[in-house]
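Visitor: Quick one: the structure is below, and I'll ask about it shortly.
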Amino acid sequence: MRRTSYAIIAAVSAALIVSTAFAGIYLANPTTSSTTSSSGVIHVVAAENFWGSLITQLGGTRVSVTSIVSDPNADPHEYESNTGGAIAIANAQLVIINGAGYDTWAQQLIASSNTPHQVVLNVQELVNQTVDANPHFWYSPTYVNETVKAMYQDLVSIDPSHASYYTQQYDALKASLAEYNGRIAEIKQQFGGVKVASTESIFVYLANAVGLDVVSPPAFMEAVAEGNDPPAQSIVQFDQLITNGTVKVLVYNEQTVTPLTQSTEALASQHNIPIVPVMETIQPPDVSFQVWMNAQLIILQNALNQQALGK
């Protein structure tokens, strides 16, 4: 079962009012494109739309970006490649993948196309993580900043004659990320050390950044993230954390909904624990990474405030 979170969409609308972020271009069903257009732009493929948003903002008018995974009603872990994606990757000068087993399909397409002089940015390798690491790197502000820098460097290496333009875009993007980074620091200052639970591992990196203590059983989170049944003992432990009031907020991945996670969400509601929905891909898909992420942080901050006020 999949569903789009109205809370996230509402928060995105609110965030848009106070944001000056750039708009990106995303294609759910990528189409054929030549390696370079008549205008000489760089053709880029991002395996997922969160990386696609950032490279779109960096490249500006000098890039044409195809983001392959962007469906709000699908679990990205279960994505299967198609002909359109294969053609897009074969024709790309720059391909950005997440790695860590999250988009193995993209790595296979890159290997099979064997496009000469193609630059591949593997985020997992960039941030020195193993293939079996928690793959949700875009929820780490540190990894996001490192990836944005690497994207900038790749664009300059591919198109050095426009280096000054990419530098201007890079500076603008860093400035645009300031609100998102600032809210992270604000939440950490206000709520550092608060115990929270998450239905899966997607939230761990961001929790570390904002100083929250994720106490839900790792075995539970990892199993849900991989589409497996958690160990029975981890389910019991998770339920106890909710019923005994240990956790103050439940973070719920809206794109990995199962009967088990639904029952966990229902239990939290019964015990008046605020539920914070998060998504794996940018939603709505036509807003920028920073607007989307800031909107989710607003929901988190509001939930923590609600608990702090005892409401």
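Visitor: Here is a list of conditions, (1) crowded, with 18+ Cβ neighbours inside 10 Å; (2) within 21 Å of Q124 (Cβ to Cβ); (3) at pLDDT 95 or above, and V224 meets all of them except one; can you say which number that is?
Guide: (3)
Visitor: Take the stretch 93-121 and flag every residue that is among the β-branched types (V, I, T) and surrounded by fewer than 23 Cβ atoms within 10 Å (Cβ to Cβ).
Guide: The answer is T104, I110, T115, V119, V120.
Visitor: Return yes when E226 is touching a strand residue (DSSP E or B) at 6+ places or on another chain (Cβ under 6 Å), closer than 30 Å to S67 by Cβ and in contact (Cβ under 8 Å) with a residue 24 or more places away in the chain and no when it is not.
Guide: no
Visitor: State whether the residues of the stretch 42-55 include one that is farther than 30 Å from I184 by Cα and either assigned by TED's automatic domain parsing to the domain that holds S161 or assigned to a loop (DSSP other than H, G, I, E, B) (or both). If you could, list the steps in order and put the result at the bottom.
Guide: Taking the stretch 42-55 and keeping what is farther than 30 Å from I184 by Cα, we get 42-43.
Checking the rest, the ones that are also either assigned by TED's automatic domain parsing to the domain that holds S161 or assigned to a loop (DSSP other than H, G, I, E, B) (or both) come to 42-43.
Scanning the stretch 42-55, I find at least one residue that is farther than 30 Å from I184 by Cα and either assigned by TED's automatic domain parsing to the domain that holds S161 or assigned to a loop (DSSP other than H, G, I, E, B) (or both), so the answer is yes.
Residue-by-condition table, conditions (1) within 13 Å of L260 (Cβ to Cβ); (2) out of contact with any helix residue (DSSP H, G or I) (no Cβ under 9 Å at 6 or more places or on another chain); (3) among the aromatic types (F, W, Y):
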| residue | (1), (2), (3) |
| --- | --- |
| Q189 | no, yes, no |
| K195 | no, no, no |
| S198 | no, no, no |
| I202 | no, no, no |
| Y205 | no, no, yes |
| A209 | no, no, no |
| V214 | no, no, no |
| F220 | yes, no, yes |
| N228 | yes, no, no |
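Visitor: Within the stretch 246-257, can you find the residues that are in a loop (DSSP other than H, G, I, E, B), under 16 Å from S269 (Cβ atoms) and at pLDDT 95 or above?
Guide: Hits for the stretch 246-257 are V247, K248, V249.
Visitor: Can you tell me which residues in the stretch 66-122 are assigned to a loop (DSSP other than H, G, I, E, B) and either at positive phi or aromatic (F, W, Y) (or both)?
Guide: Let us first name the residues in the stretch 66-122 that are assigned to a loop (DSSP other than H, G, I, E, B), namely 70-75, 79-82, 91-93, 98-103, 114-118.
Correct list: Y79, G99, A100, G101, Y102, N114, H117.
The values are calculated or read from the model by the stated rules, or taken from the named source; none is laboratory data. These figures come from a predicted structure and were not determined experimentally. Cβ coordinates were reconstructed from backbone atoms using ideal geometry, including for glycine residues, and neighbour counts include every protein chain displayed.
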